[in-house]
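A.B. asks: The structure follows.
Please treat every number below as a calculation from the coordinates, not as lab data. It should be emphasised that the depicted structure is a prediction, and the values quoted were computed from it without experimental measurement. Don't worry about glycine lacking a Cβ; one is built from the backbone with ideal geometry, like all the others, and counts go over all protein chains shown.
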Amino acid sequence: MVILVDDFAPSLHLHARVLRDRGWKVREADCAETARRLVREKPPKLMLLDVHLPDTNGFALCRELRAEHPEIIVVMTSATYRDEASRVSAMYAGAADYLCEPISAESLVQVVKRYL
């Protein structure tokens, strides 16, 4: 199972559709609180986590999730933070990878296949 976390609805729904069309079970969250609830209900194998969220930043949420659930693979994404410093911050937070948006459907599928 994959949890997608992004406050930008068009990206969230597009990525969810791409992954569902390829057979993965996907749950969606538009904020950190919803992501936390989904993880409590059933921890995913993989989370795609946006840096910019309305109730916290993705780096902080990544650190929190990795501390509580080290088995969850977190891939961070961002359309805004495209610099090397953000990529390094993601790695320090515990992310396995960092993707700059826009992400093509093919790239998204390849990343999910890599980690699952």
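A.B. asks: For the stretch 92-99, indicate whether the set of residues that are surrounded by fewer than 16 Cβ atoms within 10 Å (Cβ to Cβ) and under 29 Å from Arg22 (Cα atoms) is non-empty.
C.D. replies: The answer is no; no qualifying residue exists.
A.B. asks: For Val2, all conditions in the list (1) farther than 21 Å from Leu116 by Cα; (2) touching a Leu at 6+ places or on another chain (Cβ under 8 Å) hold save one; what is the number of the exception?
C.D. replies: It is condition (1) that Val2 fails.
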